[in-house]
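A.B. asks: Before I ask anything, let me first share the structure, which is written out below as structure tokens.
The values are calculated or read from the model by the stated rules, or taken from the named source; none is laboratory data. If you're wondering where the values come from, they're calculated on a predicted model, not measured in any experiment. Cβ: placed from backbone, ideal geometry, glycine included. Neighbour counts: every protein chain shown. Only protein heavy atoms, including side chains, enter the accessible area calculation; ligands, DNA and RNA are left aside. Shrake-Rupley method; radii C 1.70, N 1.55, O 1.52, S 1.80 Å.
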Amino acid sequence: MIIILKKDAPASQLDMLTSWLKERNLQVHHSEGTSQTILGLIGNTHHLDIDLIKQMEIVEDVKRIQEPFKNANRKFHPLDTVVKVGTQNIGDGGLTVIAGPCSVESEEQIVTVARSVKASGATLLRGGAFKPRTSPYAFQGLRDEGIRLLLEAKKDTGLPIVTEIMDISQLDLFAEVDVIQVGARNMQNFELLKQLGHCKQPILLKRGLANTYQELLMSAEYIMASGNENVMLCERGIRTFETYTRNTLDISAVPSLKTLSHLPVVIDPSHAAGISRFVSPLSKAAVAIGADALIIEVHNNPACALCDGAQSLTMEAFDRLMKELKGFVDARELCK
Ligand code: PEP
Ligand code: MN
């Protein structure tokens, strides 16, 4: 349920209403918009008398929210959430580009790629230390050592780092990681999501291979309900009957998630396509449709990459893409 307050509602009356609601075992989420202040209620609201609340002096309107996601719901929080990472504001209308290899392979590799993507305009560095691989015989990542090397690359370039957690037991290793990624395969690892709700870092939550928008938003809700409101939603391609591309980029996810939620939306064209030459057109489509950020795989030698080489851009191709994206970003500004 949401309670829309009248403009200039006196603070004393608002405090009284808030206490009255809390006494009824409800959590009260306060959202200050440009034209409206909204109280979002979480808990069992069925016993509340809507007509009684509507008659209160400071109340403009009361509405029931049908969707099961509350904190992540745009009706609870009409303004876009802006997630801050270092000096970056993700979700403020601009475009953030996160780039780096699928996996951290060596200090030389991660530092080389980090310096190059930074020079091209990326403002966050990605790199997997713990890798969810379909085969147990495939490269599983450098694990703790991978995190250490990412931190070296961060020290060298100043780029904040984004890396995937696969299990709660790894949490201590992530203390200095700037953005914690939850991969597609872990989107519904609810115990992990609850723990991440207690972390101070923003969470990049990837959509599962066969999950709906509502399921993705319910996973975001797990993190938010435990106290971490800095969640970014990532569309990285879903399973469809098409096999030509690795997955199918669901570009409708951008306007759909932005309608349903106030959280920033990130597009991962690399895992969606699985083919490096499609990364550029999909990135442009994502920018044109309003994505807040892109996360792109870039490798210093894709042919020899230990993971996802076929979808990785060379450092030169990434540089070209960043130059080409500028026109799309400018066009988006003009259309605002
Ligand atoms: C990755 O980012 O390298 C990755 C494994 O992503 P996803 O969970 O989307 O497959
Ligand atoms: Mn990958």
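A.B. asks: Starting from the amide H of GLN181, placed 1.01 Å from N in the peptide plane, find each other amide H under 5 Å away whose residue is 5 or more places distant or on another chain.
C.D. replies: Those qualifying (amide H under 5 Å, at least 5 residues apart or on another chain) are THR163, GLU164, ILE165, LEU204.
A.B. asks: By the scheme Lys and Arg +1, Asp and Glu -1, what is the net charge of all other residues having a beta-carbon under 12 Å from that of ARG148?
C.D. replies: -2
A.B. asks: Want the number for ASP15 to ARG277: 0.36 nm per residue separation, take away the alpha-carbon distance, what's left?
C.D. replies: Taking ASP15 through ARG277 to full extension adds about 88.7 nm, to one decimal.
A.B. asks: With every protein chain left in place and a probe of 1.4 Å, what is the accessible surface of TYR244, to the nearest 10 Å²?
C.D. replies: Roll a 1.4 Å probe over it and TYR244 shows about 150 Å².
A.B. asks: Let me ask something additional. Hey, any idea what % of the chain's accessible area is carbon plus sulfur with a 1.4 Å probe?
C.D. replies: In the chain, the share of accessible area belonging to carbon and sulfur is 52 percent.
A.B. asks: What net charge do the residues around HIS262 carry, taking every other residue with its C-beta under 14 Å from that of HIS262, with Lys and Arg at +1 and Asp and Glu at -1?
C.D. replies: After counting each charged neighbour, the total is -3.
A.B. asks: OK, next. Mind checking the dipole of the chain: about its Cα centre, +1 per Lys or Arg Cβ, -1 per Asp or Glu Cβ, Debye to the nearest 20?
C.D. replies: Dipole about the Cα centre, nearest 20: 500 debye.
A.B. asks: Taking all protein chains together and a probe of 1.4 Å, list SER169, SER12 from the most accessible to the least accessible.
C.D. replies: Descending accessible area places them as SER169, SER12.
A.B. asks: Which lysines, if any, have their Cα less than 29 Å from the Cα of LYS194, not counting same-chain residues under 8 positions apart?
C.D. replies: LYS22, LYS63, LYS70, LYS75, LYS84, LYS131, LYS154, LYS206, LYS258
A.B. asks: Grab the Cα-Cα distance for ASN89 and VAL28, subtract it from 0.36 nm times how many residues apart they are, and report the gain in nm with one decimal.
C.D. replies: Extra length from ASN89 to VAL28 when fully extended: 19.3 nm.
A.B. asks: Once the convex hull of the C-alpha atoms of the stretch 133-292 is built, how many Å³ does it hold per residue, rounded to a whole number?
C.D. replies: Spread over its residues, the Cα hull of the stretch 133-292 gives 132 Å³ apiece.
A.B. asks: Once phi is turned into θ = phi - 60°, what whole-Hz ³J(HN,Hα) does the Karplus curve with 6.51, -1.76 and 1.60 give for every residue of the stretch 71-86, x standing for Gly and Pro?
C.D. replies: Result, rounded to whole Hz: 4, 7, 7, 5, 5, 7, 8, x, 7, 4, 7, 10, 8, 9, 10, x.
A.B. asks: At a 10 angstrom cut-off on C-beta neighbours, averaged per residue, how do the peptides 232-240, 281-289, 27-35, 144-152 rank from highest to lowest?
C.D. replies: Put in order of decreasing packing, that is 232-240, 281-289, 144-152, 27-35.
A.B. asks: Each residue of the stretch 251-266 in order: what ³J(HN,Hα) in whole Hz does its phi give by Karplus 6.51 cos²θ - 1.76 cosθ + 1.60, θ = phi - 60°, with x for Gly and Pro?
C.D. replies: Values per residue, Gly and Pro as x: 5, 5, 4, 5, x, 5, 5, 6, 6, 6, 9, 9, 7, x, 10, 10 Hz.
A.B. asks: Under a 5 Å amide H to amide H cut-off, with H placed in plane at 1.01 Å, what residues pair with THR96 once short-range neighbours are removed?
C.D. replies: Distant-sequence amide H within range of THR96: ALA293, LEU294.
A.B. asks: Follow-up question, since we're still on this one. Compute, for ARG320, the solvent-accessible surface of its heavy atoms (probe 1.4 Å) with the complete set of protein chains present, and express it in square angstrom to the nearest 10.
C.D. replies: 140
A.B. asks: For ILE65, what residues show an amide H to amide H distance below 5 Å, using hydrogens built from the backbone and excluding near sequence neighbours?
C.D. replies: HN-HN under 5 Å from ILE65: ILE2.
A.B. asks: Quick one: net charge around SER103, please, counting Lys, Arg +1 and Asp, Glu -1 for every other residue with C-beta under 9 Å from its C-beta.
C.D. replies: Neighbour charge sum, excluding SER103 itself: -1.
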